[in-house]
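Notes follow the structure.
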Amino acid sequence: MKKAILTGVSMMALSIAAPALAQSQSDINQSGTANAATVTQNGTNTSEIDQTGESAVATVKQAGTNNDSNITQTAGGTVTVDQSGITGSTSNVTTLADDRAPESRVDVVQTDTGASSAANGEANVSTVIQANVNGFGSTGTGSTVSVNQTQNAAGAGQNFSLVNQGPNAVSGQVSVQQTGGDNTSTYSAQTSTDNDAFINQNGQDNVSNVVQNFQNGAAIATVNQTNAGGAVNTASISQTSAGFAANPPQFAIGADATITQNGEGNDASINQTGYADAAIESNEASTTQLGDFNTSSTIQSGTMGFASVTQNGNENDSTITQSGEGSSATVRQTAIESGNGTRTRGKDGLDNPLGDVIRSNFSSIVQSGNGVEASVTQTGDLNRSGLVQTGNGAFADVRQEGLFNNSQINQSGDASANVIQGGDYGDNNSQINQTANGLALVIQSADVSAPTYYPTNLSLITQNANAGAFVRQTGQQNESDITQDVGADGSNASVTQTNLLGLTALDTNLSSITQSASDSRIDVVQNGLGNTSGVEQAGSGNTVFVDQIGNFNRSTVTQDAGSLNSTADINQTGSDGLSTLTQTGSGHKATLNQGGLDNESIIAQSGSGNTATVTQTSDANYSSIIQSGTGNTATVTQGQSVTQAQ
């Protein structure tokens with residue numbers, strides 16, 4: 001059952017060797033020029049080769065039982081299939097027309113050592129299809145495909161690989177190596193130029209899917225999975241151009257994607273699309289998962305994007321979406337399981353059934369601006385980070401250690417934000433919203449034990465101006481709210497809170513700051529329990545210092561609109577002190593030093609150039625100073641008495 005057709009200067013080399021009683025079958029049909037076919041079979045094997053065209057070479061070697069090879073070449077060439085198994089191994093190779101010097105090299109090696117693999121389905125199945133493979137491969141012309149599959153000895157696992165390089169895959173070099181069982185790899189390229197895909201799976205239950213569709217640009221995809229058993233790892237890479245046009249010219253963007261998985265139940269996907277009016281630098285994305293049941297999703301639809309995800313431990317979740325130009329995102333997650341189960345939390349940091357489900361660490365980055373940069377590092381358990389960058393040139397860095405930390409950053413301007421959250425237990429909450437070119441820094445360090453009031457530390461920053469905001473919170477039950485409205489360009493606000501003994505909600509330190517004028521400064525320091533500070537600046541060039549070193553002190557400072565270059569300095573070192581200070585006008589200076597217990601001070605300044613100094617010691621003192629006009633000076637020093645200056 002063999003047939004040979006020779007025309008012109010065609011050449012056929014055919015060699016068939018089979019042992020006695022074997023049921024091997026080979027069917028070869030060649031026409032054209034310089035065709036060559038070599039088939040060696042040992043066992044119940046079936047081989048069919050059909051070659052038509054230039055310089056086609058096909059070599060098939062099969063040993064074992066039930067090996068099947070089907071090769072069809074039309075103008076393409078060079079296929080080598082080596083199959084050695086017992087009951088499995090099937091290979092189908094199709095190479096079609098090539099309008100250049102043809103080389104469509106395909107190497108498939110399949111080894112099936114299991115004696116009963118057929119009982120669980122066909123082992124080692126490889127299908128390679130190349131159409132219009134115009135271009136240059138590793139040896140200078142055409143495409144190159146190499147598939148190497150080794151099935152386990154027990155026959156429990158089945159390797160499967162499908163490679164499809166579309167009608168115009170110029171230099172699609174693909175290498176797939178699968179060792180073990182239950183490995184599945186699918187690669188597809190359509191209308192492509194200079195594609196590269198490297199897939200290496202070692203173990204069981206690995207699944208890899210790569211899709212490339214590019215033109216006038218390169219695309220590289222690398223998938224490496226190692227799994228000795230357990231739940232299935234899944235890796236998916238899609239590299240597809242967004243569209244093509246002739247006028248104006250639109251070029252698909254080259255892309256580079258890499259996924260590495262070691263463990264079980266991991267799921268990683270990278271989707272890269274985009275086009276531009278010129279061939280420019282490609283998108284780059286990489287995901288590394290070392291542990292179990294981690295999930296990572298990266299979507300790049302812009303240009304010149306960079307995304308890197310590294311997950312260690314179990315049940316980390318990461319999502320990156322980039323649609324701008326020149327975006328950069330880096331996520332590092334290390335899970336240290338606490339045994340606290342899962343938590344569903346909204347952006348406000350509170351438990352919310354409609355929020356994000358936090359299995360271990362959770363990170364979400366959305367970048368639609370150009371030239372933005374984001375970095376998230378999470379070490380611990382049940383930490384959440386949300387980051388949205390819609391402006392151009394924004395920067396954000398989030399670092400979380402411990403448990404239950406929550407950070408949300410929204411940037412719609414050319415802003416910069418840094419958040420550092422720590423403490424053995426954590427439960428810190430930071431919310432930053434930036435609509436201008438502001439600068440924000442939040443440092444939160446919680447107690448080593450579980451707090452009695454949640455969240456441990458809370459920081460809210462809203463920046464609608466080119467201003468600076470700095471918050472440092474230590475211990476638990478500290479709350480800070482900073483708002484910098486339009487017009488507060490050049491202003492700075494700083495809050496430092498320390499609370500190591502808070503037990504109830506009444507023990508919370510509270511600081512509220514509002515700035516709506518330019519070139520002003522506010523510094524608030526709270527150390528103790530239940531201190532409250534409120535500062536409002538509506539004038540320019542003003543300065544406020546508030547120091548509350550004690551317990552349950554209250555301070556209110558107001559610098560009205562129109563106030564200019566005034567200074568307020570409040571020092572409360574006792575307990576249950578009360579201070580109210582209002583400045584209207586310009587050039588004022590007010591200083592309050594308040595110790596003891598239950599002291600109260602009122603200072604009101606209007607006009608210009610007024611000075612007030614109040615010092616209160618001992619307990620239950622009261623002072624009221626009201627100044628209007630220009631150049632007034634009032635000084636109050638009291639222990640037990642009541643003094644009023646006007």
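Of all residues in the stretch 389-405, which are modelled with pLDDT of 95 or more, open to solvent by less than 10 Å² (accessible area, probe 1.4 Å) and closer than 19 Å to residue 333 by Cβ?
396, 398, 400
For the stretch 432-451, which residues satisfy the criterion of being within 18 Å of residue 476 (Cβ to Cβ), out of contact with any Lys or Arg (no Cβ under 7 Å at 6 or more places or on another chain) and in a strand (DSSP E or B)?
442, 444, 445, 446
Suppose we filter 380, 386, 391 for residues that are in a loop (DSSP other than H, G, I, E, B) and either in contact with a Gly (Cβ under 7 Å, 6 or more places away or on another chain) or closer than 19 Å to residue 317 by Cα (or both); which single one remains?
Among 380, 386, 391, only 391 is in a loop (DSSP other than H, G, I, E, B) and either in contact with a Gly (Cβ under 7 Å, 6 or more places away or on another chain) or closer than 19 Å to residue 317 by Cα (or both).
Restricting attention to the stretch 354-374, which residues are of a type in the set (A, V, I, L, M), open to solvent by less than 10 Å² (accessible area, probe 1.4 Å) and not in a loop (DSSP other than H, G, I, E, B)?
At the first step, the residues of the stretch 354-374 found to be of a type in the set (A, V, I, L, M) are 354, 357-358, 365-366, 372, 374.
Of the ones still in play, those that are also open to solvent by less than 10 Å² (accessible area, probe 1.4 Å) are 358, 365, 372, 374.
Of everything in the stretch 354-374, those that are of a type in the set (A, V, I, L, M), open to solvent by less than 10 Å² (accessible area, probe 1.4 Å) and not in a loop (DSSP other than H, G, I, E, B) turn out to be 358, 365, 374.
Determine whether the stretch 533-553 contains at least one residue that is in a loop (DSSP other than H, G, I, E, B) and either without any contact (Cβ under 8 Å) to a residue 12 or more places away in the chain or open to solvent by 50 Å² or more (accessible area, probe 1.4 Å) (or both).
The answer is yes, given that some residue of the stretch 533-553 is in a loop (DSSP other than H, G, I, E, B) and either without any contact (Cβ under 8 Å) to a residue 12 or more places away in the chain or open to solvent by 50 Å² or more (accessible area, probe 1.4 Å) (or both).
Among the residues in the stretch 332-340, are any under 13 Å from residue 307 (Cα atoms) and of a type in the set (D, E, K, R)? Walk me through it before giving the result.
If we filter the stretch 332-340 for residues that are under 13 Å from residue 307 (Cα atoms), which is where we start, we get 332.
Checking the rest, the ones that are also of a type in the set (D, E, K, R) come to 332.
The answer is yes; a qualifying residue exists.
Exactly one condition in (1) touching a residue at least 40 places away in the same chain (Cβ under 8 Å); (2) crowded, with 24+ Cβ neighbours inside 10 Å is not met by residue 377; state its number.
(2)
Pairs under 6 Å by beta carbon, first residue at pLDDT 80 or above in the stretch 273-289, partner surrounded by fewer than 21 Cβ atoms within 10 Å (Cβ to Cβ), six or more apart or different chains?
Here the result reads 284/256; 284/306; 286/258; 286/308; 288/260; 288/310, each pair linking the stretch 273-289 to a residue that is surrounded by fewer than 21 Cβ atoms within 10 Å (Cβ to Cβ).
Kindly establish whether residue 466 is closer than 24 Å to residue 512 by Cβ, open to solvent by 10 Å² or more (accessible area, probe 1.4 Å) and assigned to a loop (DSSP other than H, G, I, E, B).
Yes, satisfied.
Looking at the stretch 508-532 only, could you name the residues that are surrounded by fewer than 19 Cβ atoms within 10 Å (Cβ to Cβ) and over 37 Å from the mean Cα position of the chain (by Cα)?
532
State all residues of the stretch 492-509 that are part of a strand (DSSP E or B), of a type in the set (A, V, I, L, M) and closer than 11 Å to residue 473 by Cα; if no residue qualifies, say none.
495
Which ranges mark the strands (runs of 3 or more DSSP E) fully within the stretch 129-239 that have 1 or more residues being modelled with pLDDT of 70 or more and under 30 Å from the mean Cα position of the chain (by Cα)?
Those strands (runs of 3 or more DSSP E) span 160-165, 173-181, 184-189, 195-204, 206-213, 219-227.
Would you list the strands (runs of 3 or more DSSP E) that sit entirely within the stretch 288-353 and hold 3 or more residues that are within 21 Å of residue 226 (Cβ to Cβ)?
On the way: elements: 295-300, 306-312, 317-322, 328-335, 343-345.
Qualifying strands (runs of 3 or more DSSP E): 295-300, 306-312, 328-335.
Counting just the residues of the stretch 246-259 that are open to solvent by 40 Å² or more (accessible area, probe 1.4 Å) and assigned to a strand (DSSP E or B), which one comes out modelled with the highest pLDDT?
Of all residues in the stretch 246-259, those open to solvent by 40 Å² or more (accessible area, probe 1.4 Å) come to 246-251, 256, 258.
Narrowing further to those that are assigned to a strand (DSSP E or B): 250-251, 256, 258.
Values: 250: 48, 251: 50, 256: 79, 258: 84.
If we take residues in the stretch 246-259 being open to solvent by 40 Å² or more (accessible area, probe 1.4 Å) and assigned to a strand (DSSP E or B), then 258 is modelled with the highest pLDDT.
The values are calculated or read from the model by the stated rules, or taken from the named source; none is laboratory data. Please read these numbers as outputs of a predicted model, since none were measured by experiment. Because the Cβ atoms are built from the backbone with ideal geometry, glycine has one as well, and the counts that use them run over all protein chains shown. Side chains included, ligands, DNA and RNA excluded: accessible areas come from the protein's heavy atoms. Shrake-Rupley method; radii C 1.70, N 1.55, O 1.52, S 1.80 Å.
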